[in-house]
Amino acid sequence: MLTEYLFNAKKNQHFFCKRCGVRPFGIGNDTPIGKMYGVNIGCLEGVTEEDLSKIPITYIDGMHDRWQDAPEYFSHL
């Protein structure tokens with residue numbers, strides 16, 4: 001029961017559940033680092049903590065428009 005929402009320029013896709021409002025994923029079609037996907041891992045079924053610990057994470061510093069760099073501090077993320 002997904003619905004799509006497009007903000008402002010309508011370039012990036014945001015999907016929400018019509019029933020509960022959770023955002024399971026989104027697609028960034030036009031971002032400073034190219035196309036990217038955001039997935040709410042809380043929506044994945046059958047994934048263990050061990051599985052999650054093996055997923056590579058790329059941190060980007062969008063707050064300071066340094067899209068090719070990780071932020072100075074990210075252990076809290």
Give the number of residues within region 31-49 that are in a loop (DSSP other than H, G, I, E, B), at pLDDT 85 or above and not small (Gly, Ala, Ser).
6
With respect to the numbered conditions (1) at pLDDT below 90; (2) farther than 22 Å from residue 77 by Cβ; (3) not in a loop (DSSP other than H, G, I, E, B), which one is the sole condition not fulfilled by residue 52?
(2)
Could you give every pair whose Cβ atoms fall below 8 Å, whose first residue belongs to region 1-18 and is touching a residue at least 12 places away in the same chain (Cβ under 8 Å), and whose second residue is small (Gly, Ala, Ser), counting only separations of at least 6 or pairs across chains?
12/26; 12/28; 13/26; 14/26; 15/26
What's the total number of residues in region 56-77 that are loosely packed, with under 10 Cβ neighbours inside 10 Å, touching a residue at least 12 places away in the same chain (Cβ under 8 Å) and not polar (S, T, N, Q)?
2
Selection count where residues are surrounded by 10 or more Cβ atoms within 10 Å (Cβ to Cβ), under 30 Å from residue 65 (Cβ atoms) and in contact with a Phe, Trp or Tyr (Cβ under 9 Å, 6 or more places away or on another chain), scope region 1-55
20
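The values are calculated or read from the model by the stated rules, or taken from the named source; none is laboratory data. Just so you know, these numbers come straight off a predicted model, no measurement behind them. With ideal geometry, Cβ positions are generated from the backbone for all residues, glycine too; neighbour counts draw on all protein chains shown.
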